[in-house]
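Enquirer: Right, I'll just put the structure down here and ask away after.
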């Protein structure tokens, strides 16, 4: 069994509302705070099982205000909208980074299906792989 890549660097770019994360296998991801907020691993967002997810709306301008270590395997992100219950393991960050185009497209499709307008952001094309 191979272990997951280990996070070796994490830098918050508050002005551009991005979290820069690097792993020991050379992978680097620049993930917008909105993306991290709407895919929070918290029960508040994901529910307690399949089908219990809560669609996060109006998160385009959300920012991270604090990053708090959780042991040697994760961090808790505190967002300026008051959300602070998700624990982001290195594996969670890696999965979010690898699957950003697919996940973000699904999120945009869910917003559209729910009739929730979203203000386009400069990072949209990058996340969608365009």
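Rule-based calculations on the coordinates, nothing more; no lab input. Keep in mind the model is a prediction, meaning the values are calculated, not measured. All Cβ positions, even for glycine, are placed from backbone atoms using ideal geometry, and neighbour counts span all protein chains on display.
Enquirer: Given contacts defined as C-alpha pairs under 8 Å and at least six residues apart, what's the relative contact order of the chain, whole-number percent?
Expert: Across the chain, relative contact order equals 18 percent.
Enquirer: Given just the C-alpha atoms of the chain, how large is their convex hull per residue in cubic angstrom?
Expert: 123
Enquirer: Most exposed first by the Cβ proxy, i.e. fewest other Cβ within 10 Å, how do 57, 15 rank?
Expert: By the 10 Å Cβ count, ascending: 15, 57.
Enquirer: Would you compute, from DSSP H runs of 4+ residues alone, the mean residue ellipticity of the chain at 222 nm, taking -39500 (n - 2.57) per run and dividing by the full residue count, rounded to the nearest 500?
Expert: Mean residue ellipticity at 222 nm (helix-derived): -7500 deg cm²/dmol.
Enquirer: Based only on other Cβ atoms within 10 Å, what is the fewest-to-most ordering of 64, 8, 87, 119?
Expert: Neighbour counts put them in this order, fewest first: 119, 8, 87, 64.
Enquirer: Please order 93, 23 by the number of other Cβ within 10 Å, starting at the fewest.
Expert: 23, 93
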